[in-house]
1. Looking for something among the polar types (S, T, N, Q) and open to solvent by 40 Å² or more (accessible area, probe 1.4 Å) - is there at least one such residue anywhere in segment 23-35?
2. Is it the case, given these coordinates, that LEU38 is exposed (fewer than 15 other Cβ atoms within 10 Å of the Cβ), closer than 17 Å to ILE154 by Cα and without any contact (Cβ under 8 Å) to a residue 24 or more places away in the chain?
3. I need the full set of residues from segment 38-83 which are under 17 Å from HIS149 (Cβ atoms), modelled with pLDDT under 95 and in contact with a Phe, Trp or Tyr (Cβ under 9 Å, 6 or more places away or on another chain), in order please.
4. Considering only segment 79-103, how many residues are of a type in the set (A, V, I, L, M), in a helix (DSSP H, G or I) and out of contact with any Pro (no Cβ under 8 Å at 6 or more places or on another chain)?
5. Quick one: GLY182 ticks every box in (1) modelled with pLDDT of 70 or more; (2) in contact with a helix residue (DSSP H, G or I) (Cβ under 8 Å, 6 or more places away or on another chain); (3) open to solvent by 30 Å² or more (accessible area, probe 1.4 Å) except a single one, so which number is it?
6. Within segment 1-22, can you find the residues that are surrounded by fewer than 16 Cβ atoms within 10 Å (Cβ to Cβ) and part of a loop (DSSP other than H, G, I, E, B)?
Amino acid sequence: MGCCSGRCTLIFLCTIQLLVALERQVFDFLGYQWAPILANFFHIIIVILGLFGTIQYRPRYIVVYTVWMALWVAWNVFIICYYLDVGDLTKDSDLLTFNISAHHSWWSEHGPGCVRREMTQPGVGTVDSQSYISVMGCLMEYQYIEVLHSGTQILIALLGFVYACYVVSAITEEEDSFDFVGGFDPFPLYHVNEKPSHLLLKPMYL
């Protein structure tokens, strides 16, 4: 097929997207980030749909994947703005947890090099009575880790969008050109050129 190289590239991109989305989903679950969890869930479903459409030559499925890639880029741009405190957005809000919990990104306490400092609450002597005080020594702030994740998602999504458009175009063109002579015409042209021998008059007997 003419778009074999494009299809192979798109299949590869979809596979990478699945792996990256699953990795992100795990850490969003650990941080109880409900909005990203739902977005990742739909993203995984649409990527699987696009992968199936690419393998099975289903351009409609690939079109759905293409539209979702545009929405996915917009979502990740929002996440970047959220963690970089752009405009009225602030990373300290509970927006991503639907305001039902005060949890924040898992990376805020478990980033590379981060050391958590805890101390026992005064007046309480139980073992489980430790309260979080501060995080020190992080090699990278957690918001930049989240921005890096979203930036990677945007890059892969843009590549997927471009190759999906190319594959849909190539499949459509090939389907349009797959027409043998008179194959889809109920009245082929060669019938027009036939001599009207069957129209010869026959004598009538009364």
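1. no
2. no
3. Passing the criteria: only TYR83.
4. Of the residues in segment 79-103, the ones of a type in the set (A, V, I, L, M) are 79-80, 84, 86, 89, 95-96, 100, 102.
So of that shortlist, the ones also in a helix (DSSP H, G or I) come out as 79-80, 95-96.
Still in the list and also out of contact with any Pro (no Cβ under 8 Å at 6 or more places or on another chain): 80, 95.
Total satisfying the criteria: 2.
5. (1)
6. Across segment 1-22, the qualifying residues are MET1, GLY2.
The values are calculated or read from the model by the stated rules, or taken from the named source; none is laboratory data. This one's a predicted model, so the numbers in the text were calculated from it and none came from an experiment. Note that we place each Cβ from the backbone using ideal geometry, even for glycine, and neighbour counts take in every protein chain shown. What goes into the accessible areas is simple: the full protein's heavy atoms, side chains included, and nothing from ligands, DNA or RNA. Shrake-Rupley method; radii C 1.70, N 1.55, O 1.52, S 1.80 Å.
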